[in-house]
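Q: Have a look at this one.
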Amino acid sequence: MRVSLEWLAEYIDIKGLDLPLILEECGFPVESTENVDGDTVYDIEVTANRPDILSMIGVAKEIKAKTGRNIKLPNIYLFEKEERIKDFKIQIHNYDDTPRYIGCKIENIDVQESPEWLKRRIKSYGLNPKNLLIDLTNYVAVETGQPLHAFSYSLIEGNEINIRRAEKGETIKILSGEEKDLDNDILVIADKSKPIAIAGVIGGEESGVKKASNTFIIESALFNPVLIRKVSKKLNIKTDASFRFERGGCYSMAEFGLLRFLYLLKKSLQDVKIFIPIDVKNSITKQNIIDLDFNFIRKKLGTDINNEEIISILKRLDFIVNGNRVIIPDFRRDISFPVDIIEEIGRILGYSKIKERIFIPEGCYAKHNNFYTQYRKIRDYLIGLGYYEVATLGLVSKMELDIISLSTKDFIKIANPINQNLEYLTPSPIINLMKVIKNNVVKRNTDLKIFEIGKGFIKKDNRYIENDYLSLLITGNDLDKRWYNQSRKVDIFDIKGIMEYILHNFGIKEFNIIKDKSNYFNPDQCIAYIINREKIVVAGKISEDLKDHYNLENDVYCINIDFNRLMNYIKYKSYRKPGVYPSVYRDLALVVDVDLKYNDLLQIITSCNSLPFINVRLFDIYKGKQIPDGKKSMAINLEFNGTTRTLTDKEVEEVIDRILDSVKEKHGAYLREK
Amino acid sequence: MHNINELKNEIFQLLENATKDEVESLKIKYLGRKGILPSILRGLKDLPQEERKKVGKEANILRKELEDYFTKYYKANTTIQKSSSFLDYSLPGREPSIGSIHPLSKAMDEIIDIFTRLGFQIEYGPDIETDYYNFEALNIPKYHPSRDMQDTFYIENSDLLLRTHTSPVQIRAMEKSKPPIRIIVPGRCYRKDEIDPSHSPVFHQIEGLYVDKDVSFADLNGILSAFARDYFGTDTKTRFTPSYFPFTEPSLEMYVSCVFCEGKGCNVCKHTGWLEVLGCGLVNPKVFEYVGYDANKYSGFAFGGGIERFAMLKYGINDMRLFFENDIDFLKGIIK
């Protein structure tokens, strides 16, 4: 709401007041200040529950409540011996839609330019002056909050106005010249045969103010806010009037607004002939009365404000205090419950006058939240390992989804997206992380380690499923180029190492790794981690298609963890006293077939062991000179420990012999000659 | 029969006049794996018991003496070498490879930590919501003008939507348990806003709710002011001004004294000295009706704020888009 201070000063003395502060404490902060032809104009933010503040009088009343200064209401037209209109009918078809409709006939109107003072006010509100009649209706709307509308009398067919729902098939050409199709959801002002305005929203082009007319019907009405909002949404038309009506009009202001208009009209055009208005209204209007409970107010606010002060505040707000009851004026439709009174006392008293209290009640012991605890733990591990946490929007395009899937039927689409790039909810954070990689690579940051714990969304049998994922991506070199570093390109074993570190830190010992397939990954380098027969993690090299889509040169490796399911297996690690007896170490360089998997070797070694503790470390893989074609050498360091005693050479040699026999028998492995 | 004493004299005499290389070979000769002393010790098992004891003891003592000698000898020699070498201590140190927490998570953690210390428990809720939880049960009926403040994304071919705020979790939490209830809800929210320096279609909120007997504005003031002082600094002042949210009555905005100019007035606070940081209020009794709480018996307060804003104010970030671009150079942060 734009508030001209020059205009506001017509109703209340604002000298010496810190208006921005007062307005803010009332709940209507000044958003911006502008100078319009030497007049200061505030743009104040008005909440949806306070349509009364969309008027100069409303703003003045708030200042009055807060400061106790007097307010001067504007002059209105007083009827004496005016004529009644003959041969004109106004009919409200449904009082729920239209609680009140006042029509007033005016004659001898010369549609002329507005006087300077009026133009100045209209401009201060941000409108362009048009002509006296339109400018006056706008002036009154801003001054009183009551929108008015003028119809050319001669263009109202059949001398009747009907406020009714439109019929399917009816149309109207609105002021902008656009033709709109109407239907039964839309309330219209109609003459005998056709709609001439969309009620509370916009007038028709034909019936509007024309220079040639000199007789008009001025409408001042009250419409159902929800209905007006529906119509405005449905037709996609927003006007100053619809903005006001959908927030709710004021029963008495419909009359006051019209009378104010007539007063100003008569002052500007002496010769105007005004008829007695036709006022059609629902006579049953409810007065809002609320019980006044002083203790309730004190208790909810947490302050010891006394009864007199409460009454004084209510009176300044034009509330009528009658014993233990408060009668609410009809311009305050937002006040209907006892708690609403609390807000009024609080804001007029000033919340800063109320003390702080910190009380942690029994029964409010905050238990830890497992998701958050584990999220934070894994995040901190990864940060320590050089990974950057990122945050992405989680929305993707159809084009991106097409790379990972043949059809988008399993994905969740937004019906009204901002644009095509943000049309779908992402099935996992991977796609967005690829974008992060791209954005950084473009800026020449090519060595990246990033992760996000975010949601993935899919549709399954008409259910909408959200799941938390930890997605981690690496690309480029493993280390920065520095004087002390020898860096190399990252590969799938970087990913494996991180994954096993994560599992270890979460106390998960039992898992299998299998070869897997996924649309995100290169078919040759895709593995899955299986815990308790559940696939919890898919990892590997990002597919060429995805890589190409983001124009990436380097390979990208990725881990995608189903974090919700992983959480089911998280255990605290336990600790043990380290051994006091020395370990025995042996190195073996075994020559095996090139396609022998390390894991096969490892299984034999561990199954051959009969000693209390064994640890196997692979320290070299060698192919080439001294090794026959089709073979490779795997050098292994074995650590044995007796835990409660020192091992003898003999026992260790026995195990080594068993290992050598077994690998020879099963895989034809033999010791590499020194 | 070995005479260990003779052996000892012989060795130390040789060592006395030895060059550096000779010392090395003497060490191998006497202490090496196939050296004299280890051979003696290995041969002990073949000696008669009485002799075995004596020789074993003497040989072990000698071995220890020799080991000490060599340790001292090498230490003395290397020290001389080191002191003459050049150390360029201006070379950059080896950088540990450390990542970083996203500034939004950092702000979220700090805020969560403060509220959990004040006894608020973390609750989560779904991003995909129903109209009932996101609007209706929060006293925002269809065609209510306040729905304009939150332009909503809808899910195609369904009556679901993406939550526009974390407030639906208030309803879910109250449906689940009886008062006293004291929760915070961190989470992602969605609104149909174009991306610009102060808007994003996806953003984060933290929501709080406390319901019990006799909860008043003084409690709201106490908890939220304590939070503000803890998060923005001990000298931070708070101020509450009326606002409007359908699910609270009264509704308020909390302002904190500007963290950049300490209330003197600057560009960030538009020269007001105050920054708007969150919306709050006493729970509207109508909301209690939806969840079946007795509004005569219980009262409560709720609040909600944008994490992006908290992070921007605390870490001096002036463009919301930076959070979601994830430029590594941004994520690393700087020391001012």
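Q: For a quick check, take a GNM of chain B with Cα springs below 10 Å and name the residue from B:Asp88, B:Asp46, B:Asp214 with the largest mean-square fluctuation.
A: Among B:Asp88, B:Asp46, B:Asp214, the largest GNM mean-square fluctuation belongs to B:Asp46.
Q: Calculate how steeply helix A:56-67 sits against the longest principal axis of the alpha-carbon atoms of chain A, using the helix alpha-carbon long axis, and give the answer as 0 to 90 degrees to the nearest 10.
A: The two axes meet at around 70 degrees.
Q: Let me ask something additional. Principal axis extents for the range A:370-569, Cα atoms only, whole Å, descending order, please.
A: That gives 54, 40, 32 Å along the principal axes, largest extent first.
Q: Restricting everything to alpha-carbon atoms, can you work out Rg to Rh for the protein assembly as shown with a Kirkwood hydrodynamic radius?
A: 1.16
Q: Further, regarding this structure: Using the charge dipole of the protein assembly as shown (Lys, Arg: +1 at Cβ; Asp, Glu: -1 at Cβ; taken about the Cα centre), state which of A:Ala241, B:Leu224, A:Ile559 has its Cα farthest towards the positive end.
A: After comparing all options, I get A:Ile559.
Q: Work out the FRET efficiency for A:Val442 and B:Ser158 from their Cβ-Cβ distance, taking R0 = 30 Å, and round it to the nearest 0.05.
A: Working: r = 37 Å, r/R0 = 1.23.
Calculated transfer efficiency: 0.20.
Q: Going by Cβ distance under 4.7 Å, what cysteines of chain B have no possible disulfide partner?
A: Taking the Cβ cut-off of 4.7 Å, the unpaired cysteines of chain B are B:Cys189, B:Cys280.
Q: Per-residue Cβ counts within 10 Å, from other chains only, averaged over A:367-377: what number is that? Don't skip to the answer; put the middle values down first.
A: Numbers: counts 3, 3, 9, 1, 2, 7, 1, 0, 1, 5, 0.
Mean shielding by partner chains, rounded to a whole number: 3.
Q: Let me ask something else about it. Could you work out the relative contact order of chain A? I mean the mean sequence separation of Cα pairs under 8 Å and 6+ apart, divided by the number of residues, in percent.
A: Contact order relative to length: 9 percent.
Q: What chymotrypsin sites (Phe, Trp or Tyr not before Pro) does the range A:568-674 have in DSSP loop regions with at most 14 other beta carbons within 10 Å? Mind dumping the intermediate values first?
A: Values: sites: A:Tyr569, A:Tyr572, A:Tyr575, A:Tyr585, A:Tyr598, A:Phe613, A:Phe619, A:Tyr622, A:Phe640, A:Tyr670; in loops: A:Tyr572, A:Tyr575.
Answer by residue number: A:Tyr572, A:Tyr575.
Q: Right, next: For n ≥ 4 DSSP H runs only, could you compute -39500 (n - 2.57) per run for chain B, divide by its residues and tell me the 222 nm figure to the nearest 500? List each step's numbers first, then the result.
A: Details: 12 runs with 138 residues, N = 336.
Here the helix-only value at 222 nm equals -12500 deg cm²/dmol.
Q: How tilted is helix B:217-232 with respect to the longest principal axis of chain B? Cα atoms for both, answer in degrees (0 to 90, nearest 10).
A: With rounding to tens, the tilt is 40 degrees.
Q: Report D for the range A:2-67 in µm² per second (integer): Stokes-Einstein, Kirkwood Rh on Cα pairs, 25 °C, 0.890 mPa s.
A: On the way: Rh = 11.8 Å.
For these conditions, the coefficient is 207 µm²/s.
Q: Which GluC sites (Glu not before Pro) in the range A:552-660 pass both tests, a DSSP loop state and at most 15 other beta-carbon atoms within 10 Å? Each step should come with its number before you reach the end.
A: Values: sites: A:Glu553, A:Glu639, A:Glu651, A:Glu653, A:Glu654; in loops: A:Glu553.
Counting only loop positions with at most 15 other Cβ atoms within 10 Å, the GluC sites (Glu not before Pro) in the range A:552-660 are A:Glu553.
Q: Sort the range A:130-250 into rounded, prolate or oblate with this rule: let a ≥ b ≥ c be the square roots of the eigenvalues of the Cα gyration tensor; rounded if a/c is under 1.5, and if a/c is not under 1.5, prolate when a/b is larger than b/c, oblate otherwise. Please report the intermediate quantities before stating the final value.
A: Values: a/c = 1.61, a/b = 1.05, b/c = 1.53.
Oblate, because a/c is 1.5 or more while a/b does not exceed b/c.
Q: Can you tell me the length gained on complete extension of the stretch A:Glu534 to A:Asp18, counting 0.36 nm per residue apart and subtracting the Cα distance? Before the final figure, lay out the partial values.
A: Details: separation 516, 0.36 × 516 = 185.76 nm, distance 6.66 nm.
So the chain would gain 179.1 nm between A:Glu534 and A:Asp18.
Q: Hey, another quick one. Determine the gain in length on full extension of the stretch A:Lys210-A:Phe337; use 0.36 nm per residue of separation and subtract their C-alpha separation, reporting nm with one decimal.
A: On the way: separation 127, 0.36 × 127 = 45.72 nm, distance 4.67 nm.
Computed gain between A:Lys210 and A:Phe337 is 41.1 nm.
Q: Still on this structure: In peptide A:349-356, what is the residue-averaged number of other protein chain Cβ atoms found within 10 Å of each Cβ? It would help to have the intermediate numbers written out before the result.
A: Working: counts 0, 3, 11, 6, 0, 7, 4, 11.
Counting Cβ atoms of other protein chains within 10 Å of each residue's Cβ and averaging gives 5.
Q: Give me the net charge for the shell around A:Tyr469: Cβ to Cβ below 12 angstrom, other residues only, Lys and Arg +1, Asp and Glu -1. Show your work: numbers first, answer last.
A: Working: positive: A:Lys455, A:Arg565; negative: A:Glu452, A:Glu466, A:Asp468, A:Asp562.
It works out to a net charge of -2.
Q: Angle, helix A:338-349 long axis vs. longest principal axis of chain A, Cα atoms, 0 to 90°, nearest 10?
A: 90 degrees
Q: log₁₀ I(q)/I(0) of the range A:473-554 at q = 0.13, 0.20, 0.21 Å⁻¹, via Debye over equal Cα point scatterers, no solvent, to two decimals?
A: Summing over Cα pairs of the range A:473-554 leads to -0.50, -0.97, -1.02.
Q: How do the peptides A:517-529, A:166-178 rank, highest first, by the average count of neighbouring beta carbon atoms within 10 Å per residue? List each step's numbers first, then the result.
A: Details: A:517-529: 18.0, A:166-178: 14.5.
Ranked by mean Cβ neighbours within 10 Å, highest first: A:517-529, A:166-178.
Q: Find how much the distance from A:Asn599 to A:Thr67 grows on full extension, using 0.36 nm per residue of separation minus their present alpha carbon separation; answer in nm with one decimal. Kindly include the intermediate steps, with their values, before the conclusion.
A: Values: separation 532, 0.36 × 532 = 191.52 nm, distance 8.31 nm.
Stretched fully, the A:Asn599-A:Thr67 segment lengthens by 183.2 nm.
Q: While we're on this one: With a 10 Å radius around each residue's Cβ, average the other Cβ atoms per peptide and rank B:320-333, A:79-92, B:56-69, highest first. Please list the in-between numbers first.
A: On the way: B:320-333: 17.4, A:79-92: 12.3, B:56-69: 14.8.
Sorting B:320-333, A:79-92, B:56-69 by mean packing, highest first, produces B:320-333, B:56-69, A:79-92.
Q: Based on the alpha carbons, how large is the Rg to Rh ratio for the range A:363-469 when Rh follows Kirkwood? Write down the numbers at each step before the final one.
A: Values: Rg = 16.5 Å, Rh = 15.7 Å.
My calculation puts Rg/Rh at 1.05.
Q: In addition: In whole Å, what is the distance between the alpha-carbon centres of the range A:448-504 and the range A:21-68?
A: About 53 Å separates the Cα centre of the range A:448-504 from the one of the range A:21-68.
Q: Here's another thing I want to ask about it. With the dipole of the range A:288-353 worked out from charges on the C-beta (+1 for Lys and Arg, -1 for Asp and Glu) around the Cα centre, which of A:Asn307, A:Ile327, A:Ile348 lies farthest toward the positive end?
A: Going by the Cα projections, it comes out as A:Ile348.
Q: Rounded to a whole number, what is D in µm²/s for the range B:161-312 from Stokes-Einstein with the Kirkwood radius over alpha-carbon pairs (4 °C, 1.567 mPa s)? Don't jump to the answer; show the numbers that get you there.
A: On the way: Rh = 16.2 Å.
So the translational diffusion coefficient is about 80 µm²/s.
Q: Further, regarding this structure: Which entries in the list A:Lys66/A:Lys315; A:Lys233/B:Lys192; A:Lys449/A:Lys517; A:Lys541/B:Lys106 go over 19 Å, if you measure between the two C-alpha atoms of each?
A: A:Lys449/A:Lys517; A:Lys541/B:Lys106
Q: Return the aspartates and glutamates within reach of B:Lys72: Cα separation strictly under 20 angstrom, same-chain partners fewer than 8 residues apart disregarded; answer none if there are no such residues.
A: Those aspartates and glutamates meeting the cut-off are B:Glu10, B:Glu16, B:Asp21, B:Glu22, B:Glu24.
Q: Another one. For the range A:584-671, how big is Rg over Rh, using alpha carbon atoms and the Kirkwood form of Rh? Don't skip to the answer; put the middle values down first.
A: Values: Rg = 13.3 Å, Rh = 13.4 Å.
Rg/Rh for the range A:584-671 comes to 0.99.
Q: Could you give the alpha-carbon Rg of the range B:175-264 over 2.2 N^0.38 Å, rounded to two decimals?
A: Its radius of gyration relative to the 2.2 N^0.38 Å reference: 1.29.
Q: How many nm separate the modelled label positions at A:Lys267 and B:Glu136, each set 7 Å beyond the Cα in the direction of the Cβ?
A: Taking the two extended label points, one gets 5.0 nm.
Q: So, one more: Roughly how crowded by other chains is peptide B:89-102, in terms of the mean Cβ count from those chains within 10 Å of each of its Cβ atoms?
A: Details: counts 0, 0, 2, 3, 1, 4, 6, 2, 9, 6, 13, 6, 7, 9.
Shielding by partners across B:89-102 averages 5.
Q: With only alpha-carbon atoms in the gyration tensor, what are the semi-axes of the equivalent ellipsoid for chain B, in Å, largest first?
A: Details: eigenvalues 1186, 140, 78 Å².
For chain B, the ellipsoid semi-axes come out as 77, 26, 20 Å.
Q: Need one number: nm distance between label points at B:Ser97 and A:Glu113, each 7 Å from Cα along Cα→Cβ, rounded to one decimal.
A: Calculated label separation equals 7.8 nm.
Q: Right, something else. Describe numerically, in nm with one decimal, the distance between label points set 7 Å from Cα along Cα→Cβ at B:Tyr69 and at B:Lys176.
A: 7.7 nm
Q: For A:Asp240 and A:Arg565, FRET efficiency with R0 = 51 Å and r from the beta-carbon atoms, rounded to 0.05?
A: Rounded to the nearest 0.05, the efficiency is 0.40.
Q: Another one. Over all directions, how big on average is the projection of the convex hull of the alpha-carbon atoms in the range A:288-353, in square nanometres?
A: Values: hull surface 15.5 nm².
Its Cα hull, projected and averaged over all orientations, spans 3.9 nm².
No lab work stands behind these numbers, since they all come straight from the coordinates. Bear in mind that the values here come from a model prediction, so they are computed numbers and not experimental data. Don't worry about glycine lacking a Cβ; one is built from the backbone with ideal geometry, like all the others, and counts go over all protein chains shown.
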